[in-house]
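Right, one structure below, let's go through it.
What follows draws every value from the coordinates through simple rules; no lab data is involved. Treat the numbers as computed from the prediction; the structure is a model and nothing was measured. With ideal geometry, Cβ positions are generated from the backbone for all residues, glycine too; neighbour counts draw on all protein chains shown.
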Amino acid sequence: MNVIGYIREPSNAESGDSLFAQSEHVRMWVARQGHNLVAVCQDTAGTRKNLDGLRTLMGIAAQGRADLVVIPSLDALSPDKVVQEMMLMKLRSHGLAVTSTQESDHAELSEPAVDPARMLIRDIIHRVEDYRPLLEAAESSATEPLELVVPIEVVEPDVLIEFVEAPATS
């Protein structure tokens with residue numbers, strides 16, 4: 001099986017292994033499993049919007065050169081569960097299976113999710129993806145103002161509102 005490793009440098013606020021230690025965890029896991037390590041892609045701390053390592057990983061996957069992504073831990077994707085699930089969905093959409101070198105992460109990575117929070121996050125992400133084309137179509141058509149066929153006329157209502165004091169209770 002062809003495997004891509006993905007590692008990410010932890011930011012100052014996060015605890016975690018160095019890039020070297022993460023890389024070694026991935027390499028040892030791949031060697032123990034007897035798989036073929038195609039590449040190890042990495043992102044540095046502070047590259048939240050510019051994930052070149054993740055983009056490279058997706059490029060390798062798009063070429064069909066890998067079947068599995070190995071991460072040293074879920075925190076390598078992100079410390080945030082929502083971001084983790086978005087990244088997992090993207091990796092899986094490219095036909096990649098995802099596993100972690102940490103056994104404790106395997107339940108979190110399971111399909112279908114067993115963690116109620118992850119189940120909710122995945123459901124929301126899938127619903128957003130399902131409605132994205134509809135929302136984008138509505139957004140693109142909203143750039144041109146609508147011309148009303150029937151003119152709208154504001155009518156003053158003939159409603160009288162009278163405030164009545166409630167009788168005092170004894």
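Amide H contacts of residue 8 (H built 1.01 Å from N, in plane; Pro and chain starts excluded): 43 sit under 5 Å, all sequence-distant by 5 or more or on other chains. Once the C-beta distance of residue 135 and residue 82 is scaled by a Förster radius of 25 Å, the resulting FRET efficiency is 0.85 to the nearest 0.05. Taking the Cα atoms of region 22-100, the ratio Rg/Rh between the radius of gyration and the Kirkwood radius comes to 0.93.
Here each label is just a point 7 Å from Cα along the line to Cβ, and for residue 62 and residue 109 those points are 2.4 nm apart. FRET efficiency for the residue 126 to residue 21 pair, using the beta carbon distance and R₀ = 35 Å, is estimated at 0.55. By the count of other C-beta atoms within 10 Å, a proxy for reagent exposure, 49, 81 are ordered fewest to most as 49, 81.
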